[in-house]
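Here the structure is laid out as structure tokens; the discussion comes afterwards.
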Amino acid sequence: MDFMGSLRRIFSKLWELVSQTVFPKSGLEKLIETLPAEAFLTRLPKIRYEREGVEAILPYREPRVRKFIELIKYKGNAKAVSLGGYLLHEATLSIFSERLLGRESKFILAGIPASKKRRRERGFDQTEKLCQAIIEAGGGEFLEWRPKLLCRKKEAAAQTEIKSRKERLSNMKGVFAVTDGESVAGRTVVVIDDVTTTGATLKAARRAL
């Protein structure tokens, strides 16, 4: 009998019970868990917003979308991450469908890396989770995921703490570096982030690439 495995399962169940008592699930969490994926996704308002090469697929100011993103960003909710990966997979396929025809090489998939502080606080990197979910949703057929392609050369203030667009752009200057530049030369790279407002973070990643 696997004693340690049984013990871990017992502690896991106890922690789940305590978590649900101390931190009860929100209405949206319950909705995500009970509704079939397609039924839940049809309830989210979609957009197709593009500016300077940055594309958004959900309107973050909409309350349901904000709650959905928060479940991914701060809680790493497995069902929400899976649904987010499915949405991003479908959006990426739609955006690049014509360019994918007849190609032998895959596009590269990379996520905006979380800061060390955020990773320590949350215990995970939400964009890594989203990229993995994209691959699991079928993205592996046309995307090659590079988990460590982008790295942070320096830490910057959280973009949510800065209101001015000009200051946000300045805050992200020189933050990112590419770990293996030669391997991406001449390739198309799809960069994923959970939230974009001014686009400063994604633009900084694009400059590094």
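Read-outs throughout are calculated quantities, based only on the coordinates presented, and are distinct from any laboratory measurement. On a predicted model such as this, the values are computed, not experimentally measured, just so you know. Here the Cβ is made from the backbone with ideal geometry for all residues, glycine too, and neighbour counts use every protein chain on show.
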>> Longer than 27 Å from Cα to Cα, which of 75/154; 73/153; 30/117; 46/75; 46/129 are they? Say none if no pair is.
In response: 30/117
> Which whole-Hz ³J(HN,Hα) couplings does region 143-155 yield from phi under the Karplus relation 6.51 cos²θ - 1.76 cosθ + 1.60, θ = phi - 60°, glycine and proline marked x?
Replying inline: 10, 10, 7, 10, x, 10, 5, 9, 9, 9, 6, 8, 8
>> Among 196-204, 41-49, how do they line up by average Cβ neighbours within 10 Å per residue, starting with the highest?
In response: 196-204, 41-49
> If packing is taken as the mean number of other Cβ atoms within 10 Å per residue, what is the order of 118-125, 174-181, 76-83, 97-104, highest first?
Replying inline: 76-83, 174-181, 118-125, 97-104
> From the phi of every residue in region 55-72, what ³J(HN,Hα) in whole Hz does the Karplus formula 6.51 cos²θ - 1.76 cosθ + 1.60 yield, where θ is phi - 60° and glycine or proline is x?
Replying inline: 10, 10, 10, 10, x, 4, 6, 6, x, 5, 5, 4, 4, 4, 5, 5, 4, 6
> Sequence-distant or interchain residues sharing an amide H contact under 5 Å with residue 192, placed H: which?
Replying inline: 110, 111, 112
